[in-house]
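All remarks here apply to the structure that follows.
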Amino acid sequence: MKVIREWKTMLIPYEQAVEELKVKFKAIRNQYRELSEYSPIEFVTGRVKKISSIIEKAERSNIDLDRIEEEMEDIAGIRVMCQFIDDIYRVVDLIHERSGKDFEVLYEKDYIKMQKESGYKSYHIIVKYPVHTALGTKKILCEFQIRTLAMNFWATIEHSLSYKYKSQIPDNIKERLRNSAIAATKLDEEMTEISKEVINAQLMFEEKSNTIRDI
Ligand code: 0O2
């Protein structure tokens, strides 16, 4: 059994990885904005799992505590929020383009096309990330979760309810959560439609203005 000091030492590279990766994703977002281009990244957050959550998840998932660094993929977690569903796949492409450079993509889970039983939706990518610390270089596992603002809203509320009910959410609440997940999907689809209509209207307006100028 690790003592607190050993846990803290183990988590140092994870803290560093989260800080570095947040900077990298935020830089992508800022570069789009500087170029006055639409950014598929709305905002980015990151966290290192708390020691108590690591131990709780290891018990729940039957992971030997001596193997958590090899088997627990989300000790370091980065969350990328997007406005629209299409943006998620643009971010996924950006991540693939950087694979082999900043990090190595190991595998991914598309919980948008294959929604979880709870109603949870998000795109997960597990990467191996090299961290250079005072204690040497280490490759750690990190999970990227890419989702829309509506998916994030749903997951945040569902997560805090799960915590409140110690993962024993009553059936009627589970049902209502599944219904609200359907409503969140509808919201995402409607927002996509609205944005397409606004873009088309803008294009038509620009075309008209150009024609008038040509006369
Ligand atoms: P936390 O507190 O967010 O870190 P599993 O054992 O199936 O739960 P696994 O196999 O590690 O998890 O992988 P999976 O399914 O990709 O889930 C990893 C993370 O995705 C979870 O980490 C959550 O952050 C998120 N997630 C997955 N399913 C749900 C869900 O139904 N609702 C919500 N709100 N989030 C979900 P943790 O460690 O469970 O939680």
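Every read-out reported here was derived from the displayed coordinates using simple, explicitly stated rules and does not represent laboratory data. Fair warning: this is a prediction, and the values are worked out from it, not measured in the lab. Note that each Cβ is placed from the backbone with ideal geometry, even for glycine, and that neighbours are counted across all protein chains shown.
Brief remarks follow.
- Helix axis angle, 149-164 relative to the chain longest principal axis, alpha carbon, degrees: 30 degrees
- In the chain, the ratio of gyration radius to Kirkwood radius, Rg to Rh, stands at 1.06 when only Cα atoms are counted.
- Calculated FRET value between E71 and I12, using beta carbons and R₀ = 25 Å, to 0.05: 0.80
- Placing dummy labels 7 Å off each Cα toward the beta-carbon, the span from I182 to K166 is 3.2 nm.
- Summing Cβ point charges (Lys, Arg +1; Asp, Glu -1) relative to the Cα centre of the range 4-195 gives a dipole of roughly 520 debye.
- The chain: angle of helix 171-214 to the longest principal axis, Cα-based, in degrees nearest 10: 40 degrees
- This ranking places H124, H96 by how few other beta-carbon atoms lie within 10 Å of each, fewest first, which gives H96, H124.
- Virtual paramagnetic centre 7 Å along Cα→Cβ of F153, amide N under 13 Å, in the range 171-186: 180-186
- Amide H contacts under 5 Å for K139: V131, restricted to partners 5 or more places along the chain or on a different chain, H placed in the peptide plane at 1.01 Å from N.
- The chain - mean residue ellipticity at 222 nm from DSSP helices (-39,500 (n - 2.57) per run, n ≥ 4, rounded to 500): -19000 deg cm²/dmol
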